[in-house]
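Peer 1: One structure, pasted below without further comment.
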Amino acid sequence: YSSSPLLVGATNGLLVMGALSDTFSFGFMMTGNAAKNDRWESSVTGLGFRLEAFPLYSLAPALRDLGFFGQFGVGIAKLAAQGGNFPAAEGVQSFVSAGAFYEWNVVKFWGGHLALGPSLEGALMTSRPIEHHYGTLGLRVVFYGGK
């Protein structure tokens, strides 16, 4: 059994989505997280589906750009020690994450607009040989095409 302490790293993702209404979007996602310290290195990649909702869109105009999301799919995770006699762990199985974000429209171009804002996410990839948890506070950059 191997267990690492808190690791610090980066998370990135690519989304291809379509709006089903003003308040709900569905699409495909690919996300990755890599973190390490001087003794451990860990990574996870998630592939699957993403749902986004803006439930306050018509209820509270000041919070209409506050959104929530869930991601569901398959994850591939690895954990390895950078020295010592610790067994490595890796696995492929379930990936799930959830979070919230807020957007500000920045600029209009190509018939759409660019939006930026903060994002907060918690994620879990779990399989028999490994369980990988991570949290991310980040910057969301999104282009909305169309009218």
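The values are calculated or read from the model by the stated rules, or taken from the named source; none is laboratory data. Note that the structure is a prediction, hence the values are computed from the model and not measured. Positions of Cβ are backbone-derived with ideal geometry, glycine not excepted, and every protein chain shown enters the neighbour counts. Note: areas computed on protein heavy atoms with side chains; ligands, DNA, RNA excluded. Shrake-Rupley method; radii C 1.70, N 1.55, O 1.52, S 1.80 Å.
Peer 1: Give me the 1.4 Å probe accessible area per residue for the stretch 29-147, excluding ligands and nucleic acids, in Å². It would help to have the intermediate numbers written out before the result.
Peer 2: Values: 7020 Å² over 119 residues.
I get 59 Å² per residue for this part.
Peer 1: Right, here's the next one. Roughly speaking, what % of Cα-Cα pairs in the chain are separated by over 19 Å, rounded to a whole number? Write down the numbers at each step before the final one.
Peer 2: Working: 6057 of 10731 pairs.
More than 19 Å apart: 56 percent of the Cα pairs in the chain.
Peer 1: Mind giving me the FRET efficiency for Ala81 and Val141? R0 is 30 Å, r the Cβ-Cβ distance, nearest 0.05 is fine.
Peer 2: Details: r = 34 Å, r/R0 = 1.15.
That pair, Ala81 with Val141, gives E of 0.30.
Peer 1: When only C-alpha pairs under 8 Å and at least 6 residues apart count, what is the relative contact order of the chain, in percent?
Peer 2: Values: 381 pairs, mean separation 24.6, N = 147.
Once divided by the residue count of the chain, the mean separation gives 17 percent.
Peer 1: What distance in nm separates the two pseudo spin-label positions at Leu15 and Ser3, each 7 Å out from Cα along the beta-carbon direction?
Peer 2: Distance between label points: 3.4 nm.
Peer 1: Which one, Leu56, Leu124, Ala89, is farthest towards the positive end of the dipole of the chain when Lys and Arg carry +1 and Asp and Glu -1 on their Cβ?
Peer 2: Checked the options; the winner is Leu56.
Peer 1: Can you compute the charge dipole magnitude of the stretch 61-133 about its Cα centre, using +1 on each Lys and Arg Cβ and -1 on each Asp and Glu Cβ, nothing else charged? Give it in debye, rounded to the nearest 20.
Peer 2: Numbers: 4 positive and 5 negative charges, 18 e Å.
So the magnitude is around 80 debye.
Peer 1: Considering only protein heavy atoms and a probe of 1.4 Å, how much of the accessible area of the chain is carbon and sulfur, as a whole percent? Each step should come with its number before you reach the end.
Peer 2: Numbers: 5770 of 9180 Å².
Its accessible area is 63 percent carbon and sulfur atoms.
Peer 1: So, one more: Can you compute the label reach from Ala34? Point 7 Å from Cα along the Cβ direction, backbone N cut-off under 20 Å, restricted to the stretch 44-86.
Peer 2: 44-48, 75-83
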